[in-house]
Amino acid sequence: MNEIKPPRRSVIYYWIGVIILILVINLFIFPRVERAEIKDVDYGTFITMTQDKEVAEVEITTNMILFKDKDGKIYRTGIMEDDGLVQRLYESGAVFESQIIEEASPLISFLTGYILPLGIFFVFYRLLTKRMMDRAGGANSMMFGMGKSNAKVYVKSTEGIRFSDVAGEEEAKENLQEIVEYLHDPGKYKEIGASMPKGILLVGPPGTGKTMLAKAVAGEANVPFFSMSGSEFVEMFVGMGASKVRDLFRQAGEKAPCIVFIDEIDAIGKKRDTGNFGGNDEREQTLNQLLTEMDGFEDNTGVIILAATNRPESLDPALTRPGRFDRRVPVELPDLKGREDILRVHAKKIKVAADVDFNKVARMAAGASGAELANIINEAALRAVRDGRRFATQADLEESIEVVIAGYQKKNAILSDKEKLIVSYHEIGHALVAAMQTHSAPVQKITIIPRTSGALGYTMQVEEDGNHYLMSKTEMENQIATLCGGRAAEEVEFGSVTTGASNDIERATRMARAMITRYGMSEEFGMVALETVNGQYLGGDTSLTCSAETAARIDQKVIELVRAQHEKARQILRDNKDLLDALAEFLYHKETITGDEFMLIIREKSRARQLTVKEETPAEAAETPAEAGEAPVPEETASETGEGPGPEEAGSQPV
Ligand code: ADP
């Protein structure tokens, strides 16, 4: 590696500065101290002080007399012809000293005054330049060698990942398979005149396996894998990012055929500012360089660029136009089958009991991403080790889903009896309202053991048959009613309310708002889009696209909608007060009850009072609530009590 020479001028400035500093120190700071210490006096003063017996110590050299008074002050005077001096001094009681001031030899003072500081500054300079070079990747100094070739190598290991390791994502794999074939035999494509897309954009929520897919393409095609994250390009100094892009593509060009993977491309590929102040010059330069590089290399050179993002809408249109990232491969959250496959793939890495029902685990983990599922498997393994088991069991897996959804159990949180009772009623409220309506997923589990996320309890509902892509208006209303069930139970039983419903309120409001503003489910507004979704894959923030007046009317409608469902929930609970009491008491004592126990109590009570609980269709009215609860809803609903963040709503939203 060549040593990097910083530009001459900087070095010269540095040394001029150092020399000036040393001179200033030597000439002005230290000498002044010395002068202040030795006072020059005339010979007469010396004689007078001797007579007054003020001289404590004296030293006579060949060309001067140095003396100290009783206070320790040092004086200096010249030598004069004075015969009785020694005698007089002796009589005055002055002590003869050989050296009053320890004077260093001129050589030593030169060395300490000039050479030593220079040496210190030299060492400092070397350290500084070395650090800068290290930081810039060994060869490209940030400040000095801008734009020079960077010795950083971008080839990364694919870690042996193949398509078989990426579960679920069948469509994405199919799409990318073509790339693998092309990389195997580019000639075939050249012959017919087909050109491969230069860039492919993998879009989808975080943790769905985009990076894995990119690695798998390189792994399958057995070509080098160049990888860099968008944020790594963004540097402090303008031009550095662009030079990294140049470098990356130069290296890739040399190694073609190969895969270049740019993760989080939105970090550099964001829409460029349109004349606003405060634009990010560095990022724009980097993006421009990327565009130039993509245009620069010929079709069929064998360099395929894969990029991943979870904000496709924020990308600059120049990036997504044909000839650049013109192919878009969605990598969505896995469906039931996908979740099961992902669980199986990861379960191979740990020891699991033979009787584990992955389908059930996958159903419980509705809306989880691949990364979360991998995490669930790992949590289960950790739990097994903690409890001294040799392999993970079904219970470990189910518990780890709860850990991922709601956090760990808070073992030392002590609720007062009253609080425990309120939480019991709250959770049973959710479960009972869900069970008493059609189109609700069956209750899987109800617990009032506090979790580290802040939830004091929660009700888990799990779909029977997995995937749903559409939700009817009734289903959505029923879900809002279920969310209101907790608060309604508190009101019905205690006549007062608590803070425990905050998360429910938030979710119910969001759902009601979406019904009106996005799904056209209100009479008043009909099929008018009143909101747009901004980060489709990142929480789905929305912004209103209507007048303030309409916004006020929307608010009114949302309030009406939620209020109606709240009233419905209250009514259901009032009608089934005996069930509510019995279930809440059971939960209060057991702390965790399963869906089966829950349904059993409902059935027993129902039989006892010979009550038909179905209201909606008389044909179904004869059925027990157990069946009533089994009608599917496209979400796993885990209603929580407590302030903590609620579980994410599952991915399958109405379309
Ligand atoms: P992304 O790039 O989409 O954010 P990653 O590819 O980095 O996600 O995935 C993170 C981790 O999640 C992977 O290392 C893997 O363990 C797991 N994972 C995600 N999706 C899948 C999948 N489809 N199949 C198997 N594992 C997956």
Just to confirm my numbers, what's the Cα centroid distance between the range 544-579 and the range 342-398 in Å?
39
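With N set to the residue count of the range 441-534, report its C-alpha Rg divided by 2.2 N^0.38 Å to two decimal places.
Numbers: Rg = 15.7 Å, N = 94, 2.2 N^0.38 = 12.4 Å.
The value comes to 1.27.
Given the alpha-carbon gyration tensor of the range 431-494, what are the semi-axes of its equivalent ellipsoid in whole angstrom, ordered largest first, with each equal to the square root of 5 times an eigenvalue?
Semi-axes from the Cα gyration tensor: 22, 16, 10 Å.
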If you take the alpha carbon radius of gyration of the range 285-355 and divide it by 2.2 N^0.38 Å, what ratio comes out, to two decimals?
1.70
What's the magnitude of the charge dipole for the range 187-244 around its Cα centre, counting Lys and Arg as +1 and Asp and Glu as -1 at the beta-carbon? Answer in Debye, nearest 20.
160
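Which value, in debye to the nearest 20, gives the size of the charge dipole of the range 417-627 about its Cα centre, when Lys and Arg are +1 and Asp and Glu are -1 at the Cβ? Present the calculation step by step, with values, prior to reporting the outcome.
Numbers: 23 positive and 34 negative charges, 53 e Å.
That gives the range 417-627 a dipole magnitude of about 260 debye.
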Which value, in nm² and rounded to one decimal, describes the direction-averaged projected area of the C-alpha convex hull of the range 336-406?
4.0
If you keep only loop residues by DSSP, which GluC sites (Glu not before Pro) in the range 454-507 have at most 13 other Cβ atoms within 10 Å of their Cβ?
GLU464
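Rounded to the nearest 0.05, what FRET efficiency do ILE16 and VAL533 have when you use their Cβ-Cβ distance and R0 = 56 Å?
Numbers: r = 60 Å, r/R0 = 1.08.
Efficiency for this residue pair is about 0.40.
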Label-to-label distance, nm, for residues given as SER229 and GLU549 (7 Å Cα→Cβ offset)
4.9
Using only Cα atoms, locate the centre of the range 467-495 and the centre of the range 201-227, then give the distance between them in Å, rounded to an integer.
41
Can you divide the C-alpha Rg of the range 33-103 by 2.2 N^0.38 Å and report the result to two decimal places?
1.00
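Tell me, what does the Kirkwood hydrodynamic radius of the range 438-596 come to in angstroms if you use every pair of distinct C-alpha atoms?
On the way: mean 1/r = 0.0574 Å⁻¹.
Over the range 438-596, the inverse of the mean reciprocal pair distance is 17.4 Å.
Just so you know, all these numbers are worked out from the coordinates, no wet-lab data involved. Keep in mind that this is a model prediction, so the values were computed, not measured. A quick note on method: Cβ atoms are made from the backbone with ideal geometry, for glycine too, and the neighbour counts reach across all protein chains shown.
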